[in-house]
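Chemist: To start, I am sharing the structure in question, which I have written as structure tokens.
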Amino acid sequence: MVTGAGGQLGVDLCRLLESNEKVHAWAGFTRAEFDITDPARVRAVIRDQARPAKVQGGLVVVNTAAWTDVDGAESDEAGAYAVNATAPAQLAAACAEVDATLVHISTDYVFDGTADKPYEAADPTGPRSGYGRTKLAGEQAVLALCPSSYVVRTAWVYGASGRNFVRTIAKLARERDTLSVVDDQRGSPTWSVDLAAGLVELAASGAASGVYHCTGGGETTWFGLARAVVDELGMDPAKVKPTTTDAFPRPAARPAYSVLSSRSWSDAGLEPLRPWREALAAAFAESGDALRGQRA
């Protein structure tokens, strides 16, 4: 079962499940179909999906629904908390009642971004934004309330649908002669298709419950990613110019360093995601028109 099925990760996850011959029964719910902030609705849907006639081997719930407006969370942290913390807590409690497994998606923003080496899953957290605080609260609730749960932190996710950095850069590159992109924030771009495949592998693995990191391999800056996008468009990457975070002040603090170590993933016997640059090329090969914004 997938919540947030209308989002970029949810869309790719549902497509993967639909084409997976080993998955015999699944359901995807968009925000309009399933309001995860409604506790009565959450319990009713989870109980219905967990009926033995529907599920063999136990229900797995992948929660991709989230408040992702990072800057908006600064002015409405209560609203973000309801979606990113209270709702996952309700899902976790409902899953525990029916012995379901919950896979909950979290973020690099739970860290303070001051590290100089990749963050391990067990490293101390320290969010510096309302968004990060609400996501951390969601993690804590899921782990406390559902014994069979996975918290999967990821970062810099892009896909063929929804708003994301890759699609934005592709659009701006067609409209402007030059682009200025920050070169002092470092992370690991993650293609939503690869992430979806990783989540399916995790859910079927029997790995111990807990916190895992899953991102594209390697690291770069937003500037480096933007140049790679422009290169995939067949344009001159030199049109992308480096700048600093200070030149583009935003309401919410952005982590300067948010590279997540894949050690927890590998130690569980799971296949690390491919290098981010290789994945970007594959994304354009598979969904180039959508990434260019030429179709929804």
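Chemist: What order do you get for 117-128, 249-260 when each peptide is scored by the mean count of other beta carbon atoms within 10 Å, highest first? Can you show the working numbers first?
Modeler: Working: 117-128: 15.2, 249-260: 18.2.
Ranked by mean Cβ neighbours within 10 Å, highest first: 249-260, 117-128.
Chemist: Where does helix 39-49 land angle-wise versus the long Cα axis of the chain, in degrees 0 to 90, nearest 10?
Modeler: 70 degrees
Chemist: Express the Stokes-Einstein translational diffusion coefficient of the stretch 24-86 in µm² s⁻¹, to the nearest whole number, given a Kirkwood radius over alpha-carbon pairs, 25 °C and a viscosity of 0.890 mPa s.
Modeler: Diffusion coefficient, whole number: 184 µm²/s.
Chemist: Roughly how many nanometres apart are two label points built 7 Å out from the Cα toward the Cβ at Arg176 and Glu97?
Modeler: 5.0 nm
Chemist: For the Cα atoms of the chain, what angle does the longest principal axis make with the long axis of helix 276-291, in degrees from 0 to 90, nearest 10?
Modeler: Roughly 90 degrees, rounded to the nearest 10.
Chemist: Please report Lys135, Lys241 as a ranked list, fewest other C-beta atoms within 10 angstrom at the top and most at the bottom.
Modeler: Lys241, Lys135
Chemist: For the chain, modelled as a GNM with alpha-carbon contacts under 10 angstrom, which of Ala78, Ala100, Ala50 fluctuates the most?
Modeler: Comparing Ala78, Ala100, Ala50 in a Gaussian network model of the chain, the most mobile one is Ala78.
Chemist: While we're here: Between Tyr131, Val240, Gly187, whose Cα lies farthest towards the positive end of the dipole of the chain when Lys and Arg beta carbons carry +1 and Asp and Glu beta carbons carry -1, centred on the Cα centre?
Modeler: Projecting each Cα onto the dipole axis, the largest value belongs to Val240.
Chemist: Okay, next question. If Lys and Arg each add +1 and Asp and Glu each add -1, what is the summed charge of the other residues whose beta carbon sits under 12 Å from the beta carbon of Lys171? Provide the component values of the computation, followed by the final result.
Modeler: Values: positive: Arg163, Arg167, Arg174, Arg176, Arg292; negative: Glu175.
Summing Lys and Arg as +1 and Asp and Glu as -1 gives +4.
Chemist: Quick check for me: using +1 on Lys/Arg Cβ and -1 on Asp/Glu Cβ, what's the dipole size of the stretch 84-209 about its Cα centre, in debye to the nearest 20?
Modeler: 460 debye
Chemist: For the stretch 120-129, in order, what is each residue's ³J(HN,Hα) by Karplus, 6.51 cos²θ - 1.76 cosθ + 1.60 with θ = phi - 60°, in whole Hz (x at glycine and Pro)?
Modeler: Each residue's phi maps through the Karplus curve to give 8, 4, 8, 5, x, 8, x, x, 10, 9 Hz.
Chemist: If you take the charge dipole of the chain about its Cα centre, with +1 on Lys and Arg Cβ and -1 on Asp and Glu Cβ, which of Phe223, Ala85, Cys14 is farthest toward its positive end?
Modeler: Cys14
Chemist: Compute the angle between helix 8-19 and the longest alpha-carbon principal axis of the chain, please, reported from 0 to 90 degrees and rounded to the nearest 10.
Modeler: 60 degrees
Chemist: For the stretch 13-115, which trypsin sites (Lys or Arg not before Pro) are both in a DSSP coil and crowded by at most 16 other Cβ atoms within 10 Å? If you can, show how the numbers build up before the last one.
Modeler: Values: sites: Arg15, Lys22, Arg31, Arg41, Arg43, Arg47, Lys54; in loops: Lys22, Arg31, Lys54.
Answer in residue order: Lys22, Arg31, Lys54.
Chemist: Taking the Cα centre of the chain as origin, sum charge times position over the Cβ atoms of Lys and Arg (+1) and Asp and Glu (-1), and report the length of that vector in debye to the nearest 20.
Modeler: Dipole about the Cα centre, nearest 20: 380 debye.
Chemist: Moving on. Given a Förster radius of 35 Å and the C-beta distance between Ala238 and Ala40 as r, what FRET efficiency does 1/(1 + (r/R0)^6) yield to the nearest 0.05?
Modeler: The value I calculate is 0.05.
Chemist: Average the reciprocal distances over every distinct pair of alpha-carbons in the chain, invert the result, and give the Kirkwood radius in Å.
Modeler: Numbers: mean 1/r = 0.0513 Å⁻¹.
Answer for the chain: a Kirkwood hydrodynamic radius of 19.5 Å.
Chemist: Right, another one. Any idea what the relative contact order of the chain is, in percent, if you count C-alpha pairs under 8 Å spaced at least 6 apart?
Modeler: Details: 589 pairs, mean separation 59.3, N = 296.
For the chain, the relative contact order is 20 percent.
Chemist: Just going by the charge dipole of the chain, with Lys and Arg at +1 and Asp and Glu at -1 on Cβ, which of Pro118, Asn164, Pro147 is farthest out on the positive end?
Modeler: The Cα lying farthest towards the positive end belongs to Asn164.
Chemist: Distance between the C-alpha centers of the stretch 33-92 and the stretch 139-195? Whole Å please.
Modeler: The stretch 33-92 and the stretch 139-195 have Cα centres separated by 20 Å.
All of the numbers you see were taken from the coordinates with simple rules; none came from a lab. Fair warning: this is a prediction, and the values are worked out from it, not measured in the lab. Note that each Cβ is placed from the backbone with ideal geometry, even for glycine, and that neighbours are counted across all protein chains shown.
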